[in-house]
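The values are calculated or read from the model by the stated rules, or taken from the named source; none is laboratory data. Note that the structure is a prediction, hence the values are computed from the model and not measured. Note: accessible area is taken over every heavy atom of the protein model, side chains too, but ligands, DNA and RNA are not part of it. Shrake-Rupley method; radii C 1.70, N 1.55, O 1.52, S 1.80 Å.
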Amino acid sequence: MLLFGGLRSAAAQAPGHFTGGTPTLPQFTLREIVSGRNDSLFHIPGAWVGAATAARPESLAILSYVSAASRSGLVPLDGATLPSQRYQHVMGLYRREELIAATRRTLESIRSAIPSDSTRARFDSIFLPRGRWVVDLHDAALDWARTRSPTITWDSARAGLSAAGLLAAGDSTSWFEAIPRALYGLTVLAANDSLEFAAARENLRRAGPGASQPVFTLLDGYREAQRWVGVAVRFFLVEPWSPIGRPEGRSLGDYIREDWEKVQTLPDSGGVPTPEIVVKVFGYPQAVPLYGVPSSLFRRLFRADNRSAEEWLERRGEAALLRSLRWLPPGDSSLAVLQSGRRRVRLSTVPRQARERLNGFLEPRDAILIDPGYSPLLALGALVHEWQHLEFRRLQLTHFAQTLPLPLPSIIELPGVQPYLAEGFAEWSTERILAPLVERWPLLGLSELEKRAGLALQSTDDQHAMGYALIGELDHVLKDPTGTTRLLLAHAEDPSAIARSPILVSAWRKYGSARDYVFAAPWSRVLVPEVTFTIEDGYPDVIGSRILVPGDGYRR
């Protein structure tokens, strides 16, 4: 056992709980955490892969996409444009006029079906704020700009953008696409590269106020419109806008909760929380889940070391303590590895993991990051997809926490989820949940189908495309979506045992001699040392930290 970090006196700090006249600050201990695999190779049973790929899933993905696009009133992207333009397409920056027309038709149909006058009024305040349709980030930016300069149009920005070299001379692209594309590019620079953005602003200023001012006004509109995107997508997640299945209306969240309530069998599972929607400029159509810590796991990761800590937690809540972890020392940025026998782990800290991992680490609550350029109607499939990741992981961690032995181990080794299972499940369950809505409004499912078709064209073993085929084949045999989900939860870290079920062995007998599909994933074994800290005004002060070295015979 390694012990490091000095003791600090709490007497010189602001008073907390009093015991015998001595003030004490709340003191907590976060147990040591190990996450990630020690083996970088994954195996998927050959019989399962053979059965799943027998019908050429890439061809099926393309056929499904073409059908959905045609039903939406869109010309499908073809083999040449699908890989290269699908990102721009779902952001309303390729074939924009066609997509805007289809989006408006869909919104008009949704509006006419909304069961409640009050819900329709909220819909109108978002999508028809001044009697004109606002359907995506670009519409919202122009709409805001017109509140400052009523005569402004996209063409008003042409001279300034051209003079600054941000609009190619002789660009054959429609101004309806080229100018929003250039302005969105500047918005991405503003969010991610301040030096480059400053240089672009200087080039615009040189064009003179008459040419540059419309550009600056529209850029202000893009900044304001990002909030509109968050409001727009949240409307569909929480408001009862769909009459399908319930006359009084259902939200997307209702469909998701009803599906997961069939799966949950654990006590104290906490329902199905609605994730927070966080708008983040990635520069491409992206949605990412941030995994919160279920209460049952929180109670096993943290120890309240004094009465002040118990009272603080009762008063402030679990999320507040998790937020405070971001202010712990980030540690040495160099790559430090602990080798113990055959086991090897990278040493890290909570702040570093939260910053480095795309999905965060020990987040205060479930959240979905979404790029504002994603057209809201087309983003709904991605939001449901990420919500499936969140709920699957929440239930997996809840079960894991509830089955930890007592007394609790000093090292908490978090379970993982096999990548093909994770993406395949999210694709499959999203399609099931959206099915009744997509039947009526096919545009709502288009982006996920377009994504899967594009990925399948690029790589037949893509995790989304092949994963979808694997889970679809499993459910085809079991014919029980709820049972399929429970089975996947039970074998999330290593689904190879699933194929040994007698019913599946029988169904996949003709592929029984097929070789396993083996793939490598980056080594990601991480150890976060135990840390004891006091907390004052939301900020932690480390008292000590130690590393417990897991031996070769350790449980996991």
Quick note, the stretch 299-387: a/c under 1.5 would make it rounded; otherwise a/b > b/c is prolate and the rest oblate (a ≥ b ≥ c, C-alpha gyration tensor); here it is oblate
Cross-link candidates for K451: which lysines have Cα within less than 24 Å, leaving aside residues fewer than 8 places away along the same chain?
K280
Quarter of the Cα convex hull surface for the stretch 271-316, i.e. its orientation-mean projected area (nm²)
5.2
Global size of the stretch 76-217 as Cα Rg and Dmax, reported in angstrom:
17.3, 53
Need one number for the chain: average projected area of the convex hull over its C-alpha atoms, nm².
30.5
Can you give the three extents of the C-alpha atoms in the stretch 413-460 along their principal axes, from longest to shortest, in whole Å?
45, 26, 11
Mind checking which helices in the chain clear 20 Å along their axis (Cα) and have mean Kyte-Doolittle hydropathy of 0.0 or more, DSSP H runs only?
57-71, 175-192, 209-238, 376-402, 463-478
Candidate lysines for bridging to K262, where Cα separation is under 21 Å - those fewer than 8 sequence places away on the same chain excluded
K479
Can you give me the % of accessible surface on the stretch 192-247 that is carbon or sulfur? Probe 1.4 Å, all protein chains present, nothing else counted.
52
Given all pairs of distinct Cα atoms, the stretch 429-531 yields a Kirkwood Rh in Å of 16.5
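I'd like to check one number: the per residue accessible area of the chain, probe 1.4 Å, reported in Å² as a whole number. Could the numbers behind the result be given before it?
On the way: 24170 Å² over 556 residues.
Accessible area per residue, the chain: 43 Å².
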